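Trainee: Got a structure here, written out as structure tokens. Questions coming.
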Amino acid sequence: GKGRLLDHLPPERIPGFVDRTKSLGLMVGLSGSLEAPDIPRLLPFAPDFLGFRGALCGHSGRTSSISAEAVSQIRELIPAESGTGGQSSIDYR
């Protein structure tokens, strides 16, 4: 369906979703009209990735091109970690 992730999946249900998905040996991503303020709300749940589209297009909306400035702003909110690929070594919980 349409809409924001946090409108469809309340924050208190996200840990169960993430844990169950990882217990099945799957990577888990969270997406759905995510915005910058959602990053600190979602990182504690330790998803393998966060998915963005509209937030990366700046003020023009999701139908326009991706904005380098918007990408930079979102990236600055996500802590860097060493290594490439694989499961995160950082537990934000």
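Trainee: Can you run down the residue pairs with Cβ atoms below 8 Å, 6 or more apart or on separate chains, where the first is in region 47-75 and aromatic (Phe, Trp, Tyr) and the partner is not in a loop (DSSP other than H, G, I, E, B)?
Mentor: Short answer, once both residue conditions are applied: 49/29; 49/30; 52/31; 52/74.
Trainee: Return the total of residues in region 7-26 being surrounded by 13 or more Cβ atoms within 10 Å (Cβ to Cβ) and part of a loop (DSSP other than H, G, I, E, B).
Mentor: 1
Trainee: With the requirement that a residue be within 26 Å of residue 12 (Cα to Cα), at pLDDT 90 or above and either over 16 Å from the mean Cα position of the chain (by Cα) or part of a loop (DSSP other than H, G, I, E, B) (or both), what does region 53-78 give you?
Mentor: Hits for region 53-78 are 77, 78.
Trainee: Can I ask one more? Run residue 49 past the list (1) among the hydrophobic types (A, V, I, L, M, F, W, C); (2) touching a Gly at 6+ places or on another chain (Cβ under 6 Å); (3) surrounded by fewer than 12 Cβ atoms within 10 Å (Cβ to Cβ) and report the number of the one that doesn't hold.
Mentor: (3)
Trainee: Among (1) part of a loop (DSSP other than H, G, I, E, B); (2) surrounded by 11 or more Cβ atoms within 10 Å (Cβ to Cβ), where does residue 43 come up short?
Mentor: The one condition residue 43 does not meet is (1).
Trainee: Determine whether residue 71 is under 17 Å from residue 6 (Cβ atoms) and either of a type in the set (A, V, I, L, M) or buried (at least 17 other Cβ atoms within 10 Å of the Cβ) (or both).
Mentor: no
Trainee: State all residues of region 24-38 that are touching a helix residue (DSSP H, G or I) at 6+ places or on another chain (Cβ under 7 Å) and over 13 Å from residue 5 (Cα atoms); if no residue qualifies, say none.
Mentor: Those that are touching a helix residue (DSSP H, G or I) at 6+ places or on another chain (Cβ under 7 Å) and over 13 Å from residue 5 (Cα atoms): 28, 36.
Trainee: Hey, can you tell me all the residues within region 1-44 that are under 17 Å from residue 62 (Cβ atoms) and touching a Lys or Arg at 6+ places or on another chain (Cβ under 7 Å)?
Mentor: 32, 33
The values are calculated or read from the model by the stated rules, or taken from the named source; none is laboratory data. Quick caveat, the model's predicted, so the values are computed rather than measured. Cβ: placed from backbone, ideal geometry, glycine included. Neighbour counts: every protein chain shown.
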